[in-house]
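Below: one structure, written as structure tokens.
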Amino acid sequence: MVLATLSRLVSRRRAADPVLPPGQRVYAIGDIHGRLDLFDELLAKIEIDDAARGCAETHLILLGDLVDRGEDSAGVVSRAIALKASGRKFRCLQGNHEEVFLKAARGDAKATKFLIRIGGRKTLASYGVTDREYDELDYEELARIFGERVPAAHLTFLESCEDMIEMGDYVFVHAGVRPGVALNDQKPSDLRWIREEFLRHQGAFGRVVIHGHSITDEVDRRNNRIGIDTGAYASGRLTAICLEGAESWFLATG
């Protein structure tokens, strides 16, 4: 089934399906990576879908990697801060890109070099680093001016982002979890960076894991995990998984 049809999926009800507590509804959004245009488009779709489904305690979750690669990382972070301030039930995970971003913004030259390597050139530009500055300054100087230009509110928000969110039979993380390790004992580094060991594992994790981090053309739905990073920065498809009771469905841009 192609991604364009995912928003029309009807719920699947099986005895083994994971569930949320009664009265709760969740919209979890995958890796945004600086695409404020897609973020706003998907938020509008969520508002329409949420209103059509009637009263519920609605939670909005961002799975991390708000920044890098796309054109407007600063705008995405600002929008997330506004959502948190709106009074709605909103939570955000810290992805590996936020981890590097924060180190760079604190003046770490090596982290700044790595940030640029993983798509941070556009991030610096979104915070006012000019092409001339980028071309003429060394990494120490870039780290300094980057830290000066990132608003304190952005740093505070990203530092406050969570490592893991548990709701009902689901656990939400950025990258995945370490197989064989209890959820309460997971390391933040694994939650933000793990890939193949998690993706290859076919056993149970204790809860169904909702994650981003690893790009797939379509939603990667398995018995033990559901990956929703559909490469928005390049594909134009930003995906949300929507959960209520034993139901699950998807909304996407593009």
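Some points to look at:
Residue by residue, here is whether (1) farther than 22 Å from L93 by Cα; (2) of a type outside the set (V, I, T); (3) in contact with a Pro (Cβ under 6 Å, 6 or more places away or on another chain); (4) in a strand (DSSP E or B) holds:
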{"residue": "K113", "(1), (2), (3), (4)": "yes, yes, no, no"}
{"residue": "K122", "(1), (2), (3), (4)": "no, yes, no, no"}
{"residue": "D135", "(1), (2), (3), (4)": "yes, yes, no, no"}
{"residue": "L142", "(1), (2), (3), (4)": "yes, yes, no, no"}
{"residue": "E166", "(1), (2), (3), (4)": "no, yes, no, yes"}
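- Scanning segment 165-186 for residues that are closer than 13 Å to N96 by Cβ and not aliphatic (A, V, I, L, M) turns up H174, G176.
- Residue match in segment 144-163 (condition: among the basic types (K, R), open to solvent by 40 Å² or more (accessible area, probe 1.4 Å) and over 22 Å from T112 (Cα atoms)): no
- Test result for L3, in contact with a strand residue (DSSP E or B) (Cβ under 7 Å, 6 or more places away or on another chain), at pLDDT 95 or above and surrounded by 14 or more Cβ atoms within 10 Å (Cβ to Cβ): no
- Exclusive hit being within 21 Å of D169 (Cβ to Cβ), open to solvent by 60 Å² or more (accessible area, probe 1.4 Å) and of a type outside the set (S, T, Y), set R237, R222: R222
- Filter result (among the β-branched types (V, I, T) and either open to solvent by less than 20 Å² (accessible area, probe 1.4 Å) or closer than 14 Å to E98 by Cα (or both)) within segment 128-143: V129
- If you go through segment 202-217 and pick out every residue that is over 13 Å from the mean Cα position of the chain (by Cα), open to solvent by 50 Å² or more (accessible area, probe 1.4 Å) and either among the hydrophobic types (A, V, I, L, M, F, W, C) or within 20 Å of G34 (Cα to Cα) (or both), you end up with 2.
- Subset of segment 168-218 [in contact with a His (Cβ under 7 Å, 6 or more places away or on another chain) and either closer than 21 Å to L20 by Cα or acidic (D, E) (or both)]: V173, H174, G176, H211, G212
- Looking across L243, L191, one residue alone is part of a helix (DSSP H, G or I) and under 18 Å from the mean Cα position of the chain (by Cα). It is L191.
- Subset tally (residues that are surrounded by fewer than 18 Cβ atoms within 10 Å (Cβ to Cβ), in contact with a Leu (Cβ under 9 Å, 6 or more places away or on another chain) and on the phi < 0 side of the Ramachandran plot) for segment 164-193: 3
- Near pairs, Cβ below 6 angstrom, 6+ apart or cross-chain, from segment 222-249 (at pLDDT below 95) to any residue that is open to solvent by 10 Å² or more (accessible area, probe 1.4 Å) and not in a strand (DSSP E or B): none
- Just one of the listed residues (A125, A74) is more than 17 Å from the chain's Cα centre (by Cα), among the hydrophobic types (A, V, I, L, M, F, W, C) and surrounded by 15 or more Cβ atoms within 10 Å (Cβ to Cβ), and it is A125.
- Taken together, the residues in segment 194-213 that are of a type outside the set (K, R), at negative phi, part of a loop (DSSP other than H, G, I, E, B) and without any contact (Cβ under 8 Å) to a residue 40 or more places away in the chain amount to 6.
- Considered as a group, the residues in segment 26-56 that are out of contact with any Gly (no Cβ under 8 Å at 6 or more places or on another chain) and basic (K, R) include one that is surrounded by the fewest Cβ atoms within 10 Å (Cβ to Cβ), and that residue is R53.
The values are calculated or read from the model by the stated rules, or taken from the named source; none is laboratory data. Being a predicted model, the structure only gives us computed values, none of them experimental. Using ideal geometry, Cβ is built from the backbone for each residue, glycine included, and neighbour counts are taken over all protein chains shown. When the accessible area is computed, the model is the full protein with side chains, heavy atoms only, and any ligands, DNA or RNA have been set aside. Shrake-Rupley method; radii C 1.70, N 1.55, O 1.52, S 1.80 Å.
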